[in-house]
Number of protein chains: 4
Amino acid sequence: MHDDYYRYKKLRAAIVGASGYAGTELLRLLLDHPEVKVTALYVSEQSVDAGKQIDEIDGRLCGRTDLKLQPLSDPEAAAENIEIVFLATEHEVSARLAPVFLEKCVKVFDLSGAFRLADPKLYPKHYGFEHAHPELLEDAVYALPEYVDEARLREANLISLPGCYPTASQLALRPLIDAGLLDLSMPPVIDAVSGVSGAGRKAKLSNAFCEVSLSAYGIFTHRHRPEIEEHLGGVPVIFNPHLGAFKRGILATITAKLAPGADEEAIERVYERAYTEHAFVRVRQGLPKLDDVVNQPYCDIGFKVSDTGYIVIVSAIDNLLKGAASQAVQAMNMRLELPEDTGFSV
Amino acid sequence: MHDDYYRYKKLRAAIVGASGYAGTELLRLLLDHPEVKVTALYVSEQSVDAGKQIDEIDGRLCGRTDLKLQPLSDPEAAAENIEIVFLATEHEVSARLAPVFLEKCVKVFDLSGAFRLADPKLYPKHYGFEHAHPELLEDAVYALPEYVDEARLREANLISLPGCYPTASQLALRPLIDAGLLDLSMPPVIDAVSGVSGAGRKAKLSNAFCEVSLSAYGIFTHRHRPEIEEHLGGVPVIFNPHLGAFKRGILATITAKLAPGADEEAIERVYERAYTEHAFVRVRQGLPKLDDVVNQPYCDIGFKVSDTGYIVIVSAIDNLLKGAASQAVQAMNMRLELPEDTGFSV
Amino acid sequence: MHDDYYRYKKLRAAIVGASGYAGTELLRLLLDHPEVKVTALYVSEQSVDAGKQIDEIDGRLCGRTDLKLQPLSDPEAAAENIEIVFLATEHEVSARLAPVFLEKCVKVFDLSGAFRLADPKLYPKHYGFEHAHPELLEDAVYALPEYVDEARLREANLISLPGCYPTASQLALRPLIDAGLLDLSMPPVIDAVSGVSGAGRKAKLSNAFCEVSLSAYGIFTHRHRPEIEEHLGGVPVIFNPHLGAFKRGILATITAKLAPGADEEAIERVYERAYTEHAFVRVRQGLPKLDDVVNQPYCDIGFKVSDTGYIVIVSAIDNLLKGAASQAVQAMNMRLELPEDTGFSV
Amino acid sequence: MHDDYYRYKKLRAAIVGASGYAGTELLRLLLDHPEVKVTALYVSEQSVDAGKQIDEIDGRLCGRTDLKLQPLSDPEAAAENIEIVFLATEHEVSARLAPVFLEKCVKVFDLSGAFRLADPKLYPKHYGFEHAHPELLEDAVYALPEYVDEARLREANLISLPGCYPTASQLALRPLIDAGLLDLSMPPVIDAVSGVSGAGRKAKLSNAFCEVSLSAYGIFTHRHRPEIEEHLGGVPVIFNPHLGAFKRGILATITAKLAPGADEEAIERVYERAYTEHAFVRVRQGLPKLDDVVNQPYCDIGFKVSDTGYIVIVSAIDNLLKGAASQAVQAMNMRLELPEDTGFSV
């Protein structure tokens, strides 16, 4: 299935944090990529997973690769033989590792929050640590593929991937805000439910099967709120994240006030225009349901308009794909000047 | 387990629609009630369940009663030997049946929407039928137990039980609205997720196990919106109902704008005051999760306040209990001048 | 709801391991018990839960008790003011604690495996520790309520409750084996699926929501196999336990060979006779499904017979109730010479 | 994503029963196939789905094809412009349709049970209908890809695909039986749990979300038992199917008695030999869990051996893929003399 015919000319990539849920999805996607080949899988030095076969972590990968999980004991050495690295690591770890790979001219695709906010002062508040490399924040390109400045992306070496909730939220709101169709005197209310994989592959009581039950968390304090607000151009939002008792996916239901004159037709036109050139955003006739996008690289968007001047938009993604791994591959494709859907078989 | 010592003086009750999810919960609750005894279980004449033992419908009830499901072929006769009837029936059926029982001086507890709205003209629009007995709408008492006028309830013979979403919504919003703590220039945004039992015990493709997936529905059109608005005293709300892939429970996340001066302390005081005398609303320190209330007669309420003047309230109920069956028993207790928690063992 | 009128004459009970899943179920059941009152809730000294309100652990219990979780720092002192203790603790902890309470004439109901096997030499092999008090194994009464010697139980002070799988298995097999209806030359094959709560309330990766997926485990090595075999009177079985992606319940499907002449009628008669006097075993017409018993104190049993001489028995329990907490209360009732269903409202 | 460059030389295929769960999976797989192109999607004439876009049925397919669901009103005409047809239809419908397509020299891949049993007399008993074309049973090739006679398959025009349970069961048992490693005096006991999609996309109460709960069904009577027994060469088995509360996948746990001398090493060798040349059976070190194969075309197999002479084999598949759609594509590839994994990207 994985043709190695062209192996000699494929770009080599490493995944750091390869035992996490986004890490294994990255590997799965890249095993089918025609231009990029994963050559190393890293976990932290202390990880109990170091030395394991990847299919001990994710049984779906049995028989698909011989790569083992290695401890990342010498990042400089790891950087030697690769052109690309994916950091599917904790925020603080990404902040420390990125410059090591950049120094060796490795293109860095960071799936953490380490480079998503422009202002270093926000890190202690929202992420709980002092940013180790604030000087890099300026150079990092925030690559929401449908909205990134492609010219800038093509020259970037530090690519910061959006968070999962911010992806679902921005893809729903950006077209309307850009077109002036919303009355922002009422902050858009983003209610979103995420599967448990969003909390990572960790032995925590709050992740335990019997403890998980539909619930709100991080109300007014979740770190994805400032990310959403910054990348919507400074629009305040109310962000109500929830944990749902399912494994994968995010469904965001967004309520906003329409600007005078904004009607269904105008909204539809604006969405169509925004995404017609993009493979992975689908504007739906009705409202998407979660299963439409689980295990899929898509963001599905639908909406309803009231006769009292409000809109409700529903946006659905797989948090591990369009909210993480497939978005990273999509951004990588664009960085490499390939069609954004290269290597995806859906 | 069910002491029949006092049977001779128990009031006799029938359940119409006894094979539905609310019907079997009603039966389960009343099997333990010290003052009321279920003496008949009815289904519609055409029902395939007519003649069945109740444990063929709900295995939990095996061995707990000998009552069989009977077709309700002669409602007048059915009304003869009972003092109380619960209508867990379709809206239109309730509208037709209520006067038959009322005529025979049977107290009617209606779990459908047939008597929830004051204006008969709303029925064609929101329920899809012309109300057969609009003259009864005025007499019906809408019995949200924590807010009903008890004096009026004690004289009522037609008691209309609130819908599931309206229960969760009103219990969260009423105290704050009554105390003037909300700025209603922004309509409260009610995002709620319900388990599939809310759709009833029916063979419909949309209820099929593999078809259910987290999704929004009825945006701007759900019939519970006018009910909520009417019983909040005419406050417009935005109501975003969702179906979740679980069996029971509703979690409602409500975003509202605070009136100037409304702070956490004032809000807490208002909630405490509202529910301190009531057994089945629990004001929580943090935010409730769904499992806290599933299989429980409680509505749990928690909230968070932002420093920008907004509040998010989370309200959780079991849609079949506080959203239907246990609420009906609670209202019945109050009607019978018993403590509202009579017969509940939690 | 919890009448304290008779409090002065209730027996006092403590629960050790009260923050675990069986612990909170025990508390929930005993809050409604007319003769026993829980007066203390203990966790281990190192537990992060020490000092917490119980509703921080299990939100269902909010408002139902003021008892806090205390560290069990001085078991002797804890034994002073109680007549009954439930040990919902790790096997090794139970083995150490039981004699402390016994010394103070406290009746000990142990939900662990510490006293289930007669032979102390089996503990290192199956439980991984050397039994601290092998001398007690002889005195401990193994209290499967439907099969225990009641005279012996009424004099016992150390009552060992069966494991969850052994409960489902024995209740299905004992009547047939006792009546000689099985051909035991083929070992009965017990395939059982348990909800995740069976693994306890722990932060373990294998319990994490996204890691759980239907799977077999402990094939040929599970410690409940020797327990089943011993209490079936030395009958070898093949025991195939599985973990299922649900919270509560066990469904056991048991295949066995019939002895010559054993037919459906004989089997039905034997089951009827075995359980007609017992409140919590229900012999069903068809085969039970899991939801029939979840949150219920019952074991439901159904069976099918082939025309080739085999029987398949399906046995269902809630692992936390009939497999743990409600069974302990049932055994306690019998020990106290109360009807076995005292305090249960189902 | 789906390159149509080679469209002109692709074989044309139709899917009958395209709105069912196997039907949409077939379409998803074939959209990526390099040699075959789906040119028509049919549903029955009475189907409410006739005329719909496929993404109204399965949202995952939004944007992937313009094909609409057509009523199959004229099968002869439908057969005109295709080389291949997949019948994902009811058993009786397949029995009637197959000869229509065969007459037009269309290769028929039937996913129903219509051609799985050699003896027409078994159809009334196990399938509830008299076979309309018993003369075809002889010609039909039962294509379990890993065991089919490839020479015969390459000449076949009527290819019958195995059932889902029989696939999981045979792949686990065939190597051991063929090698004489089992003592068949004890019938292998096959306990299997299937996701609800196995019951098809239908509005039935037994499929309703709230009705589904882990349960056994079809004990001693399921129609897959005679299929398993026939294709194992006449070996009697005990087959205990279960419905689980999940959407996709089958986990089969099989208990069998080992022949004298059969040890772990011999078993491992036999499995290795059986599947080393096959892409879609993976012999695992440990035991597979269900999620390892969901959405995957694999059958994963693991086993444990006791020191008392028994073996427990666990076999896992996705019932809609290796149990239906991907197996059909795999068989089609072999029929077309392509590598069996052509068009699979995993």
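The values are calculated or read from the model by the stated rules, or taken from the named source; none is laboratory data. All values derive from a computational prediction rather than experimental measurement. Ideal geometry is used to build each Cβ from the backbone, glycine not excepted, and the neighbour counts take in all protein chains shown. In case anyone asks, the SASA skips ligands and DNA or RNA and just uses the protein heavy atoms, side chains included. Shrake-Rupley method; radii C 1.70, N 1.55, O 1.52, S 1.80 Å.
A few comments on the model shown:
- When A:C105 is represented by a point 7 angstrom out along its Cα-to-C-beta vector, the spacings to that point in the other copies are 6.0, 8.7, 9.9 nm, nearest first.
- Solvent-accessible surface ranking, highest first, for B:E340, A:E135 at 1.4 angstrom: A:E135, B:E340
- At 1.002 mPa s and 20 °C, Stokes diffusion of chain B via Kirkwood alpha-carbon radius, µm² per second: 104
- Estimated buried accessible area (total), pair B and D, 1.4 Å, Å² to nearest 100: 1600
- Dipole check for the protein assembly as shown: with +1 at the C-beta of Lys and Arg, -1 at the C-beta of Asp and Glu, and the Cα centre as origin, the magnitude is about 0 Debye.
- Closest approach of a chain C beta carbon to the axis mapping chain C onto chain B (residue, whole Å): C:S345, 2.
- Mean projected area (nm²) of the alpha-carbon convex hull when the protein assembly as shown is viewed from all directions: 50.9
- In this assembly of identical copies, the label point of A:E272 (Cα plus 7 Å along Cα-to-Cβ) is separated from its counterparts by 5.8, 6.1, 7.2 nm, sorted shortest first.
- Inter-chain shielding of A:243-249 (mean C-beta neighbours from other protein chains, 10 Å cut-off): 5
- Over all pairs of different C-alpha atoms in the stretch A:68-133, the reciprocal of the mean inverse distance, the Kirkwood hydrodynamic radius, equals 12.5 Å.
- Computed accessible area, A:F115, all protein chains, 1.4 angstrom probe, square angstrom: 10
- Surface accessible to a 1.4 Å probe, per residue, for the residues of the stretch A:270-338, Å²: 28
- Structure-based [θ]222 nm, the protein assembly as shown - -39500 (n - 2.57) summed over DSSP H runs of at least 4, per residue, nearest 500: -7000 deg cm²/dmol
- Solvent-accessible area, 1.4 Å probe, carbon plus sulfur percent, for the protein assembly as shown: 47
- Average projection, convex hull of the Cα set of the stretch B:164-317: 9.2 square nanometres.
- Working ranking of peptides A:155-162, A:281-288 by packing, defined as the average number of other Cβ atoms within 10 Å per residue, highest first, is A:155-162, A:281-288.
- Whole-number percent relative contact order across chain D, with pairs defined as alpha carbons under 8 Å at least 6 apart: 17
- Computed FRET value (nearest 0.05) for C:T308 with C:E135, which takes r as the C-beta separation and R₀ as 51 Å: 0.55
- If only the Cβ of Lys and Arg carry +1 and only the Cβ of Asp and Glu carry -1, the dipole of chain D around its Cα centre is close to 660 debye.
- The stretch D:200-255 - accessible surface per residue (Å², probe 1.4 Å): 29
- Whole-number Å³ per residue for the convex hull built on Cα positions in the stretch A:193-279: 146
- Size descriptor for the stretch C:288-327, Kirkwood hydrodynamic radius: 10.8 Å (Cα pairs only, one decimal).
- Number of partner chain Cβ atoms within 10 Å, mean per residue of D:216-228: 3
- Cα→Cβ-extended label distance, 7 Å offset, between C:L336 and B:R273, nm: 4.3
- Protein heavy-atom accessible surface, 1.4 Å probe, per residue over the stretch B:120-197: 35 Å².
- Nearest-first distances (nm) between copies at D:D74, label 7 Å from Cα via Cβ: 5.9, 7.4, 9.5
- Inter-chain shielding of B:186-193 (mean C-beta neighbours from other protein chains, 10 Å cut-off): 6
- Inter-part distance, the stretch C:251-294 to the stretch A:126-185, computed on C-alpha centroids, equals 62 Å.
- Remark: relative contact order (the stretch C:227-302) = 25 percent; criterion is Cα-Cα distance under 8 angstrom and separation of 6 or more residues.
- Karplus-derived 3J(HN,Hα), 6.51/-1.76/1.60, for each residue of the stretch C:16-22, Hz, glycine and proline x: 9, x, 6, 8, x, 5, 6
- Against the criterion of solvent-accessible heavy-atom surface with a 1.4 angstrom probe, C:D178, B:D66 sort, most first, into B:D66, C:D178.
- Size descriptors for the stretch C:30-171: radius of gyration and Dmax over Cα atoms are 15.9, 46 Å.
- For the stretch C:14-84 versus the stretch B:313-346, the gap between their alpha-carbon centres in whole angstrom: 27
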